[in-house]
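Everything on this sheet refers to the single structure shown next.
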Amino acid sequence: MGTKRVGLARTEALIENLKREINWGTNSSFVNAPALKKAAGGAGQQGETLIIIGKNGAAGNVTVDPFQESSTQLFGFGTLLYYGDRIFRYTGIGGVAVTAGKLLQTSAAVPNHRDVAVQAAAAAGVTTITVTLGATAATANQYKDGYIHINDDAGQGQFMRIKSNPAADASATLTLTLYDKVVTALTTSSKADLIGALFNDVVVAPTAETGALVGVTAMDMTADYYGWVQVSGPCSVLTSGTLVLGHPAVRSDTLAGAVEPGDHGTAGENFTVGSVMVVNDDTDNSVINLNLL
């Protein structure tokens, strides 16, 4: 019995330490919605990481509900919300309103902010990187919660989360402050891609791919508002063509925001949005078991 008691005490101590580390349940700001939370830190630390379990819990004075939106940002982009067999991510809608049941993608990349030169060497352990922009200016915090990707030469393969950036003119230098420290030193021969926050300024998925798919609207959403988009589980999605029950659905190449029957023998149609659960007519909405998590 003595050995069992010691083992139990150690287990209980580990659980308490874990609770303090991740702010579980009542130790987080989400009292009625159990959550795993790590708050955003400073440069070289980490961005907010949050998982919410269930609907209609209270986050301070805010109700956690996947079917509500707001004009102000309430959670970190990409925050996960588990609601039964459906999973949502917190998202910022771009400058055009989107109705329910539309497939979404990331906003198109800024070409002059890809494959840019690192302007000054950056030693391992630093939390800022300076690059030289192409012929397009950057706005303040345009890349907040996005990433810098070192794609060539010294430090190639590093992928670091951005905490903030100032505004910068076209063809000028831009200094990015990072949550993640540089691990392998960079030189002025290094090249970088600037990537916006995956779940901010999302748009209806066009018929020609200009970005990665991120989810489906579960409600009508206002331009430049914030809310939840579904990424996994049964979901109503706009239909193009004739779907087949149980078969894969892919991004439509004829109707923006829709899915169409998948054809794995056709180039560009190998990425499956999910499998078909309910089939309805062309331009109606069908039910897809999403797999975009």
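The values are calculated or read from the model by the stated rules, or taken from the named source; none is laboratory data. Just so we're clear, the structure is a prediction, and the values are computed from it rather than from any experiment. Neighbour counts are summed over all protein chains in view; Cβ atoms, including those assigned to glycine, are modelled from backbone coordinates with ideal geometry.
For V96, the test of being surrounded by fewer than 18 Cβ atoms within 10 Å (Cβ to Cβ), aliphatic (A, V, I, L, M) and out of contact with any Lys or Arg (no Cβ under 7 Å at 6 or more places or on another chain) is passed. Of all residues assigned to region 234-250, none qualifies as being assigned to a loop (DSSP other than H, G, I, E, B), buried (at least 19 other Cβ atoms within 10 Å of the Cβ) and within 20 Å of the chain's Cα centre (by Cα). The condition (being under 30 Å from G233 (Cβ atoms) and either in contact (Cβ under 8 Å) with a residue 40 or more places away in the chain or surrounded by 18 or more Cβ atoms within 10 Å (Cβ to Cβ) (or both)) is satisfied by just one residue among I195, I162: I195.
Looking at (1) within 24 Å of the chain's Cα centre (by Cα); (2) under 16 Å from P111 (Cβ atoms); (3) not charged (D, E, K, R), find the lone condition where A135 falls short. With respect to (1) within 24 Å of the chain's Cα centre (by Cα); (2) under 16 Å from P111 (Cβ atoms); (3) not charged (D, E, K, R), A135 is out only on (1).
On the given criteria, is D145 crowded, with 17+ Cβ neighbours inside 10 Å, among the charged types (D, E, K, R) and farther than 23 Å from L238 by Cα? Don't jump to the end; show me each part of the working.
Working: crowded, with 17+ Cβ neighbours inside 10 Å: yes; among the charged types (D, E, K, R): yes; farther than 23 Å from L238 by Cα: yes.
Yes: the conditions hold for D145.
Among the residues of region 109-120, just one is surrounded by 16 or more Cβ atoms within 10 Å (Cβ to Cβ), part of a loop (DSSP other than H, G, I, E, B) and aliphatic (A, V, I, L, M), namely V110. Between T63, T72, the distinction of being of a type in the set (V, I, T) and either at pLDDT 90 or above or in a loop (DSSP other than H, G, I, E, B) (or both) belongs to T72 only. Annotation: G101 fulfils all but one of (1) in contact (Cβ under 8 Å) with a residue 40 or more places away in the chain; (2) surrounded by fewer than 17 Cβ atoms within 10 Å (Cβ to Cβ); (3) within 25 Å of A208 (Cα to Cα); the unmet one is (2).
Determine if region 198-206 includes at least one residue that is closer than 30 Å to T99 by Cα and of a type in the set (F, W, Y). Full working, then the answer.
Quick first cut of region 198-206, residues closer than 30 Å to T99 by Cα only: 198-206.
The next check asks that each one be of a type in the set (F, W, Y); those that pass are 199.
Taking every residue of region 198-206 in turn, at least one turns out to be closer than 30 Å to T99 by Cα and of a type in the set (F, W, Y).
Scanning region 206-233 for residues that are aliphatic (A, V, I, L, M), within 15 Å of the chain's Cα centre (by Cα) and surrounded by 15 or more Cβ atoms within 10 Å (Cβ to Cβ) yields L213, V214, V216, V229, V231. Condition check: over 16 Å from the mean Cα position of the chain (by Cα), among the polar types (S, T, N, Q) and not in a loop (DSSP other than H, G, I, E, B). Does S275 satisfy that? Yes; evaluated as a whole, the condition is true for this residue.
A count restricted to region 79-108 and to residues that are modelled with pLDDT of 95 or more, of a type outside the set (A, V, I, L, M) and not in a loop (DSSP other than H, G, I, E, B) stands at 7. The set of residues from region 278-293 being part of a loop (DSSP other than H, G, I, E, B) and over 13 Å from G101 (Cα atoms) comprises V279, N280, D281, D282, L292, L293.
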